[in-house]
1. From the alpha carbon gyration tensor of chain A, can you work out the equivalent ellipsoid semi-axes (sqrt of 5 times each eigenvalue) and give them in Å, largest to smallest?
2. Could you compute the net charge surrounding residue B:140? Neighbours are other residues with a C-beta less than 14 Å from the C-beta of residue B:140; K and R count +1, D and E count -1.
3. What do you get for the angle between helix B:17-38 and the principal long axis of chain B? Use alpha-carbon atoms, 0 to 90 degrees, nearest ten.
4. Based on alpha-carbon centroids, what's the gap between the range B:139-203 and the range B:15-56 in Å, whole number please?
5. Taking the beta-carbon count within 10 Å as an exposure proxy, list A:40, A:10 from fewest neighbours to most.
6. Taking Cα atoms, how many degrees apart are the long axis of helix A:27-39 and the longest axis of chain A, rounded to 10 and kept between 0 and 90?
7. Tell me, rounded to the nearest percent, the portion of alpha carbon pairs in chain B spaced more than 31 Å apart.
8. At q = 0.17, 0.29, 0.32 Å⁻¹, what log₁₀ I(q)/I(0) does the range B:49-90 have when each alpha carbon counts as one equal point scatterer in the Debye sum?
Amino acid sequence: MRLFAEPLVCQEFVELVTDYLEGTLSRRERRRVERHLRGCDGCDAYLEEFRLTVRSLGEMPPEPTDPHVREHLLAAFRELRA
Amino acid sequence: MPSPDHALVARLRAGDEAAFVELVDCYDVQLRRLARTFVRTNALADDVVQETWLGVLRGLDRFEERSSLKTWIFRILVNRARTRAVREARQVPFSSLASPEDGEGPAVDPTAFAADGTWAQPPTRLDAEPEARLLSRELRGHLGEVVDTLPEQQRTVILLRDVAGLDGPEVAETLGISEGNQRVILHRARTRVRQALTEYVQA
């Protein structure tokens, strides 16, 4: 094994983002990613956006429920829970 | 966004209709979106979602708050949808859905990079609301339609992982795929969603 890993380029970084966030990279790969991030504003921004996207998917704003569905479900609620 | 779970669950258990309406408005459309990836028709998806809500109402007293309320509801949907898909014998096994769009190759368009692999143009900053570290309300309003445009496997995985909040091993198990494969599909899906959002910012 080489003592120093090849530096990562941006095009490789974007394919490793999910593995990086999931914590499934080897220690060596993780260090390559982190070293690259320290020197690359573009990838740092990309990572931040990626995180933001993931987080926002978990907090998607409500979308309007079909009024018939809603009425129907409310009737079920009254029957089962009220 | 819903109230904190604990308070909402207490209200639901107490028979508070407004709490139930809040819950339905938060998740009904998302549940339909996921149901549609498990069964063949909208009518079947509607049945599955209705059974899910009835399961929620009946199971509320047994909910132990070990996961979020949302994740618990989506798990009920997954169980109903799988039962239904088996009963209808119409489910195509997930691993056989070889969509060409899910293909191999890099997730990010190679033209985004120069010949040396550095950014041809630095990534566009998505416009984030600073205090919450979330996308702006306007951008978040597009998330649903963006997810709807994903190839089916990607749509299923991103809905289960990032929208419903299931963890990787659970998603892999649910879909009968390896955890590694689950991560590859998730990565493609997230990459596409991020890309689609930047297009709204630039538009």
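1. Values: eigenvalues 445, 41, 13 Å².
Semi-axes (√(5λ), whole Å): 47, 14, 8.
2. Every neighbour counted, the sum reads -4.
3. 50 degrees
4. 19 Å
5. A:40, A:10
6. Compared with the principal axis, the helix lies near 90 degrees.
7. Details: 5310 of 20503 pairs.
Distances greater than 31 Å cover 26 percent of the Cα pairs.
8. Debye output, listed in q order: -0.46, -0.99, -1.10.
Every number in this text was worked out from the coordinates using simple rules, so none of it is lab data. Note that the structure is predicted; figures quoted are calculated from it, not measured. For neighbour counting, all protein chains shown are included, and Cβ atoms are generated from backbone atoms with ideal geometry for every residue, glycine included.
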